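Participant: Here you go, one structure.
The values are calculated or read from the model by the stated rules, or taken from the named source; none is laboratory data. What you are looking at is a predicted structure, and each value in this text was computed from that prediction instead of being measured. Heads up, the Cβs are rebuilt from the backbone with ideal geometry, glycines too, and the neighbour counts pull from every protein chain shown. Accessible surface areas use protein heavy atoms only, side chains included; no ligands, DNA or RNA. Shrake-Rupley method; radii C 1.70, N 1.55, O 1.52, S 1.80 Å.
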Amino acid sequence: MSDTIEGLKGYRPQENRAADSEHQIEGEATLNSGSNSEIDPITLREFQTYLKQCKKIVALVGAGLSVSSGLPTFRGTQGLWKNYNIIDLATPDAFYIDPGLVWQFYSWRRSHALEAEPNDGHRTLAKLALNPNVEFTTITQNVDGLLIRAGHPKKKLYEIHGSLFDLKCTSFMCTYVDHDNFTDPLTKELADSRFEHVTVFAGAGGEGDRDRPPIESPQFAPIKQIPESELPLCPLCNLLLRPGVVWFGESLPLKLITGVDRFIEQGEKVDLILVIGTSGTVYPANSYVDRVRFKGGKVAIFNTDIELLIMAGEDRDTWGFQGDAAKLLPIALAPLL
Ligand code: BJW
């Protein structure tokens, strides 16, 4: 499905490929944006020509954007925490069955997100949001707060799956919500989950193996049984607090969904959607791509696994940039920064 030119992977809209014979690019410089992130120059040129004409752009962001900041994705080989499938922990059922387990998971996520630094991909989107000549909005599925820490204006950012740093009461009767709570750990009992890494050594266990670099294996650290009274509790009603994130089967915050709908449906059409580091498996986030396409907008995908995504979806009006989004974005979006 994708064009492979001299071993470089780029994916370009069908109609543009007719002109390929006019510019054989043998010998043309490779734009190397760092490890495993090489950009096909023809794809880049075509994309940037279109980008410069765009008046309205939306970015749809997923976990891949924060990978080079050291945070794991949800699916694939990284999607494990202590031998639990992360996706299984991000559910209301998991929380109600074992809130202590799920809180240890989120406590670990909070500390790692706080330790992580925004990368050049986050900074590029933040800069684009400050460009007065483009109507721009970012819809992020990430809950790590790194875009805000990179300087992305909040009014142009929709954190549709919530935030690790918001807490809300589990009681239907209580409306308590605590935004931007960066306390770490949240309770004494959750302190250990920050340091849960068990150091194992790379070798088979002989004396000499002690000199080898350690491998951190959080999967093997034991899970504590924490009574509810030692978990974060609501200061108003003393019931359990929960992370302010959106789990499977839960509705997304109406205000945010309405804001995104307005951006896509009202006013000028969206010329371009940047699909960055997401597997596109989760609704409603994945539906935004087709909604932009349906109204005549084009798509640019930034992902380490571009072929899978292109093959899974539509190939009309789509550019694909394969590699680390943190390296690709500053190059691809340079004309608007
Ligand atoms: C890189 C990279 C690098 C790696 N550079 N790229 C049947 C039953 C019940 C519900 C449903 C159902 N069918 C459909 C539904 C709806 C459901 C859904 O979509 N399910 C599907 C899985 C089928 N959606 C919902 O339930 C949503 N609510 C809703 O729809 O309400 C209405 C409704 C209710 C009930 C029934 C039907 C409708 C809520 C979804 C909430 C998702 N929540 C989570 C957890 C958030 C909290 C937390 O963080 O802990 O959100 S799940 C998880 O997936 C998280 C993510 O935001 C989301 C998306 O994942 P993402 O970001 O795409 O990560 P990955 O890991 O999947 O992909 C990473 C990508 O990066 C990969 O492609 C890599 O290649 C790439 N990559 N390194 C660039 N360096």
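Participant: Hey, what do the phi angles of the range 289-299 turn into as Karplus ³J(HN,Hα) couplings, whole Hz, using 6.51/-1.76/1.60 and θ = phi - 60°, x for Gly and Pro?
Facilitator: Per residue, the Karplus-derived 3J(HN,Hα) values read 5, 5, 5, 5, 4, 4, 8, x, x, 9, 10 Hz.
Participant: If you don't mind, there's one more thing I want to ask. Can you list residues whose amide H is under 5 Å from residue 224's amide H, if they're 5+ apart or on another chain and H is modeled 1.01 Å from N?
Facilitator: The list, which skips near neighbours in sequence, is empty: none.
Participant: Ignoring ligands and nucleic acids, what accessible area does residue 158 show with a 1.4 Å probe (Å², nearest 10)?
Facilitator: Approximately 40 Å² of residue 158 is accessible to the 1.4 Å probe.
Participant: Averaged per residue, what accessible area in Å² does the range 241-337 show with a 1.4 Å probe, protein chains only? Present the calculation step by step, with values, prior to reporting the outcome.
Facilitator: Numbers: 4130 Å² over 97 residues.
For the range 241-337, the solvent-accessible area averages 43 Å² per residue.
Participant: Assuming R0 = 22 Å, what is the FRET efficiency of residue 96 and residue 225, from their Cβ-Cβ distance, to the nearest 0.05?
Facilitator: Details: r = 16 Å, r/R0 = 0.73.
FRET efficiency, residue 96 to residue 225: 0.85.
Participant: Leaving out ligands, DNA and RNA, what percent of the accessible area of the range 37-105 is carbon and sulfur, probe 1.4 Å?
Facilitator: Details: 1420 of 2650 Å².
The nonpolar share, carbon plus sulfur, comes to 53 percent.
Participant: Identify the trypsin sites (Lys or Arg not before Pro) of the range 231-337 meeting these criteria: DSSP loop state and at most 11 other C-beta atoms within 10 Å of the C-beta. Let's see the in-between values first.
Facilitator: Details: sites: 255, 262, 269, 291, 293, 295, 298, 316, 327; in loops: 269, 295, 316.
Filter output for the range 231-337: 316.
Participant: Under 13 Å from the Cβ of residue 145, count the other residues' Cβ atoms, weight Lys and Arg +1, Asp and Glu -1, and hand me the total.
Facilitator: Working: positive: 109, 110, 149, 154; negative: 115, 117, 144, 159, 166, 180, 184.
Charge balance in the 13 Å sphere: -3.
Participant: What do you get for Rg/Rh over the range 154-195 if you use C-alpha atoms and the Kirkwood form of Rh?
Facilitator: On the way: Rg = 13.1 Å, Rh = 12.4 Å.
When Rh is taken as the Kirkwood radius, the ratio is 1.06.
Participant: What is the sum of charges around residue 123, taking Lys and Arg as +1, Asp and Glu as -1, for the other residues whose C-beta is under 13 Å from the C-beta of residue 123? Walk me through the numbers on the way to the answer.
Facilitator: Values: positive: 127, 149, 327; negative: 117, 120.
Once positives and negatives cancel, what remains is +1.
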